[in-house]
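Quick notes on the structure that follows.
The values are calculated or read from the model by the stated rules, or taken from the named source; none is laboratory data. Here the structure is a predicted model, which means the values were calculated and not measured. With ideal geometry, Cβ positions are generated from the backbone for all residues, glycine too; neighbour counts draw on all protein chains shown.
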Amino acid sequence: MSAAKGRFAAWKSTSLIVTIFVMIFLYMPIVILVAQSFNESRFGGKWAGFSLKWYEALFNDRGVIEATLNTLYIALTATAVSTVLGTLAAWVLNLYKTRLQKFNYGITYAPLVMPDILMGISLLLFFVSLKVELGLFTVICAHITFCVSFVTFVVLARLQDFDFNLIHAARDLGANWRVIIIKILLPVLGPGIAAGAMMAFTLSMDDFVVTFFVGGPGSTTLPVKVYSMMKHGTPAIINALSVVFMALTFSVALIAQIITRKRV
């Protein structure tokens, strides 16, 4: 009995050490990043004193502000369009069972497994062949192309558990399609649609490779801007920018959690 207790205590101690090591490995770079954003030194090799000048330089950098606005505009537009198209595609794929079902699934699934560089080059060649000027429009179209697939499969997973007898019962009771969509479909499929929209927004905000190929003058997004700043700009401003976006992300997550608890 004492030997078993000893082995359990040793296993517990080892698990604690491994957990602490993993937490340090994951979060120590973030802590260093936050600390360096307040470092007066430009390159962060040593601590030169507390300073907010990099945040001031960040908010005064017109290029970063324009890139951020472009990123938000592209992400919001691509998310809205891909959410609508992806939801409709999921509904059709789940509703109609035809001989071309596997082919339809393959077309929808292809952007998920296709390498970003291949998608970027193919979209660039497509726009060039159509003589479309590269800019915000081409970037939005490219983002919609790969975001639709993610939304489709997320909503499709939600539809597979959906009981269509609810629609039949509502129609038997005299409800029209507008009432069915508002009262039944949106409340039931809402979590899946919201999850797909959030995934599309995240992917659009974070995309670099495809945007790098199909972007043009005036369509520089934040990932492309950060890449340019890493090569030619000031690294300390990137630290401040990362902290700002991290704070915004945590704030949105916290607000969503508070709203969810209040609803519960």
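Points worth noting:
- Only one entry of Phe146, Phe164, Phe201 meets the criterion of being without any contact (Cβ under 8 Å) to a residue 24 or more places away in the chain and either more than 23 Å from Ile121 (Cβ to Cβ) or buried (at least 16 other Cβ atoms within 10 Å of the Cβ) (or both), and that entry is Phe164.
- Which numbered condition Thr220 fails, given (1) of a type in the set (Ser, Thr, Tyr); (2) in contact with a His (Cβ under 6 Å, 6 or more places away or on another chain); (3) not in a helix (DSSP H, G or I): (2)
- Selected residue (only one of Val34, Val22 is outside the structural domain of Asn239 (by TED's automatic domain parsing), under 24 Å from the mean Cα position of the chain (by Cα) and surrounded by 10 or more Cβ atoms within 10 Å (Cβ to Cβ)): Val34
- No other residue among Leu166, Leu186, Leu159 is within 23 Å of the chain's Cα centre (by Cα) and more than 25 Å from Pro111 (Cα to Cα) apart from Leu186.
- Test: residue in the range 205-219 that is surrounded by fewer than 15 Cβ atoms within 10 Å (Cβ to Cβ), modelled with pLDDT under 85 and of a type in the set (Ser, Thr, Tyr): no
Conditions (1) among the aromatic types (Phe, Trp, Tyr); (2) free of Cβ contacts under 8 Å to residues at least 24 places away in the same chain, marked per residue:
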| residue | (1), (2) |
| --- | --- |
| Ser15 | no, yes |
| Ile20 | no, yes |
| Val31 | no, yes |
| Phe59 | yes, yes |
| Ser82 | no, no |
| Arg99 | no, yes |
| Asn104 | no, yes |
| Val113 | no, yes |
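- Any hit, the range 112-126, residues being modelled with pLDDT of 85 or more, over 21 Å from the mean Cα position of the chain (by Cα) and among the small types (Gly, Ala, Ser): yes
- Filtered residues of the range 167-193 (kept if of a type outside the set (Val, Ile, Thr) and surrounded by 15 or more Cβ atoms within 10 Å (Cβ to Cβ)): Ala170, Ala175, Leu185, Leu189, Gly192
- Matching residues in the range 61-94 - criterion: being at pLDDT 85 or above and polar (S, T, N, Q): Thr68, Asn70, Thr71, Thr77, Thr79, Ser82, Thr83, Thr87
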